[in-house]
Structure formats: structure tokens, C-alpha cells
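Encoded as C-alpha cells, the structure appears first; notes follow it.
The values are calculated or read from the model by the stated rules, or taken from the named source; none is laboratory data. In this text, all values refer to a predicted model and were calculated from it rather than measured experimentally. FYI the Cβ positions are ideal-geometry reconstructions off the backbone, even for glycines, and counts take in every protein chain you see. Ligands, DNA and RNA are excluded from the accessible area calculation, which covers all protein heavy atoms including side chains. Shrake-Rupley method; radii C 1.70, N 1.55, O 1.52, S 1.80 Å.
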Amino acid sequence: MRYFDLHCDTIYRLTDFEQRLPAGENLLQNTGHVDLRRAGSLEQYAQVFALFCGYQPVASQQDAHQRLTRMLDTARSAFAANGSRLRHCTCAADFLEAQAQQQAAAFLSIEGAELLQTEADLQLALQAGVKIVTLTWNFDSVYGCGASTDDAAGLKPAGKQLAKTLAQRGVFLDVSHLSAKGFWDLADCIDAPILATHSNSRTVCNHPRNLTDEQFCEIIRRGGLVGINFYVPFVTHRRTATCDMVVRHIEHFCELGGAHNLCIGADWDGCDRFPKGISDMTGIALLAEALARRNYSEQQIAGFLYDNAARFVQTNF
């Protein structure tokens, strides 16, 4: 099986900001949701590793800089320590080489643009190969507002300017966490594909973190991607979820014409409630089985799990 995932918080976890990490945890083997040992069972693996702004609001430019640099140091060290197994990819050529060498492909994103409050930190992120930036997390920030705080609040002037700057520099904007108003402000700002790396359907599960049909259709129109999130509250309003419930989000998006725009952004190491039977990245096989039971073809399943994201990277990175 080949697996390309658009969002995990493993680098944030390994950076251990909260000083709770068990001794000896690393990217090769750990007690979280993602490691290269478990990825070894896959025919091919690609992962976007998010540099997450944190569960507490960024207090200052200095705070933002310290959080960013600590995570970049963690990522660089983790990637270097596993150079025989993993290739840090910053462009399509890197990705193709990783596939040819049967290495895991690692990309970097930023979850929460409040980490980028100075030109120096923006340059630091670009030089590190960051290719995707989520404009907000859940809080109100200097750039905009998260959907979980105020879905009617839009991008601020600084957010609109940052979006234009990032798009001009070849970075793709991610609307997961962004308010609905902010989504449409962004659509007015840039003429580029839009990503939602870890969001589901609001029609299927009415949660502000999920996408409306109109938003999803705009992402289709622009040739963007949506990564299906496994976090139970984004899948269903019930206390527990099943893989079949996750498939319902995929089915709805396919009904809107987005089969080639769907992939997975499970939110590994970023949440704690997954569908029944899933405890870590190996659970992706259960989703594949659920799709097969619903009579999706091998080609369609391969598209959701790997090919759609791989095609986007090869075309746009």
C-alpha cells in the first residue's frame, strides 16, 4: 500500500514543548501515531510534517521565532538522523527521487501563520523548504481568525498581504482552521490552488472546522486538495466513529465532483480520538478496507490514499 498524508503534528510532539515526552522518542520509533518503523510496512510513504504554532496563543514576535526555530531544529535533526530511510522534499524533483530510491518523502508545512511575524522568520521558513502554510489555528491572530473562534471573522489586512506574499513565493495556502469568511477573503486575494489539509464535509458533520459544499467546490475549481481528517468530532456528532463514517465524507465530496481532489490528512499526533480500530498510522489499512467494501475500485482507493496528492506535488511543487 502507498500512503500520502497531508497533515501530522509529529514534529511538534517530538519538540516536546510541554516536557511530557517519554525518554528515547524519535522519528524512527516512538509511542505516538507516526514513525518510520511503522511506515516501513508501506510500499511508499509521503508525509507533510506540520510545524504547529501551539495550543497557547503566540505572545510576541520573539515567542513566534523561538517556537519556529525549535521545531525547525527538531525537523532537521530527525530528517538527518534517518537519511537512508527518508528524504526531505522541497520540490517535485525531490519527491520523484524519494520514490525512485524507495525512501519516505517528508515535506514541511506551518500550521498557524502567527509563527511568521517577521520577514526574517518568513525567509527562515522558505529556506527550510516549507511549502504549505495554514493561515490560522483556532485563535484570533494578527492575520485572521480560526473557525472555532468566530466563523464570521475574516482575514485582517496583514493576513491578506501575507497570503499574497506566500502565493507569489510558491507556497500553498491551507484553509483548515480558517473561518468561513476568511476562506472567501483568501479566495479573493490569490489566484492559486487552495488546500484544506485536514478538514471534512460540513454537510455530513456540521462542525465549523469542516468545509461547506461551496468551499469544497471552490477548491475543486482551483485544482486544490482536501485531506480527510480522522478526528472523531469532525467525522460525527456521536461519541465514537467508524471507518464507514469517514467514508461518508469521501462519498459526499465525490458526489460534488471532487474524487480527484481528495486525499488524507488524518491529523496524527494532533488529536486523540480516532475511529474504532484505529490507533495510529497503520490504521489507514482499515480505511482502505472500508472503501473496498463500498465498491470503490483499487484505482479510486489508490487515488485517495496516495495518487491525488502525489499528482498535485508533481504538478505544482
Looking only at the stretch 161-182, which residues are over 22 Å from Val313 (Cα atoms) and surrounded by fewer than 20 Cβ atoms within 10 Å (Cβ to Cβ)? Gln161, Lys181
Can you confirm whether the stretch 122-131 contains a residue that is over 30 Å from Asn82 (Cα atoms) and without any contact (Cβ under 8 Å) to a residue 60 or more places away in the chain? no
I'm told Gly32 meets every condition in (1) loosely packed, with under 14 Cβ neighbours inside 10 Å; (2) more than 27 Å from Cys91 (Cα to Cα) except one. Can you identify the failing condition by its number? (1)
Residue hits (the stretch 212-238; in a loop (DSSP other than H, G, I, E, B) and over 21 Å from Val48 (Cβ atoms)) are Thr212, Thr236, His237, Arg238
Filter the stretch 257-292 down to the residues that are buried (at least 21 other Cβ atoms within 10 Å of the Cβ) and in contact with a Ser or Thr (Cβ under 6 Å, 6 or more places away or on another chain), then identify the one that is farthest from Pro193 (Cα to Cα). Pro275
Unique match (being closer than 22 Å to Leu115 by Cα and assigned to a loop (DSSP other than H, G, I, E, B)) among Leu195, Leu162, Leu155, Leu173: Leu155
Checking Gly24 against (1) surrounded by fewer than 18 Cβ atoms within 10 Å (Cβ to Cβ); (2) on the phi < 0 side of the Ramachandran plot, which test does it fail? (2)
In the list Arg13, Arg2, Arg38, which residue meets the criterion of being of a type outside the set (S, T, N, Q), under 23 Å from Leu195 (Cβ atoms) and open to solvent by less than 70 Å² (accessible area, probe 1.4 Å)? Arg13
Sole exception among (1) open to solvent by 30 Å² or more (accessible area, probe 1.4 Å); (2) in contact with a Leu (Cβ under 8 Å, 6 or more places away or on another chain); (3) under 22 Å from Gly265 (Cα atoms) for Leu124, by number: (3)
Please work out if Gln56 is free of Cβ contacts under 8 Å to residues at least 12 places away in the same chain, out of contact with any helix residue (DSSP H, G or I) (no Cβ under 8 Å at 6 or more places or on another chain), surrounded by fewer than 23 Cβ atoms within 10 Å (Cβ to Cβ) and not basic (Lys, Arg). yes
Kindly check whether there is at least one residue in the stretch 138-159 that is surrounded by 24 or more Cβ atoms within 10 Å (Cβ to Cβ) and in contact with a His (Cβ under 8 Å, 6 or more places away or on another chain). yes
Count, please, the residues in the stretch 285-307 that happen to be farther than 12 Å from Cys263 by Cβ and in contact (Cβ under 8 Å) with a residue 60 or more places away in the chain. 2
Just wondering, is there one or more residues in the stretch 103-116 that are part of a loop (DSSP other than H, G, I, E, B), closer than 22 Å to Gln66 by Cα, open to solvent by 10 Å² or more (accessible area, probe 1.4 Å) and touching a helix residue (DSSP H, G or I) at 6+ places or on another chain (Cβ under 8 Å)? no
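Report yes if some residue within the stretch 239-256 is among the aromatic types (Phe, Trp, Tyr), part of a helix (DSSP H, G or I), open to solvent by less than 10 Å² (accessible area, probe 1.4 Å) and closer than 28 Å to His33 by Cα; otherwise report no. Walk me through how you get there before you give the answer.
To start, the set of residues in the stretch 239-256 that are among the aromatic types (Phe, Trp, Tyr) comprises 253.
Still in the list and also part of a helix (DSSP H, G or I): 253.
Next cut, open to solvent by less than 10 Å² (accessible area, probe 1.4 Å) only: 253.
When the remaining residues are screened for being closer than 28 Å to His33 by Cα, the result is 253.
Yes, the stretch 239-256 has at least one match.
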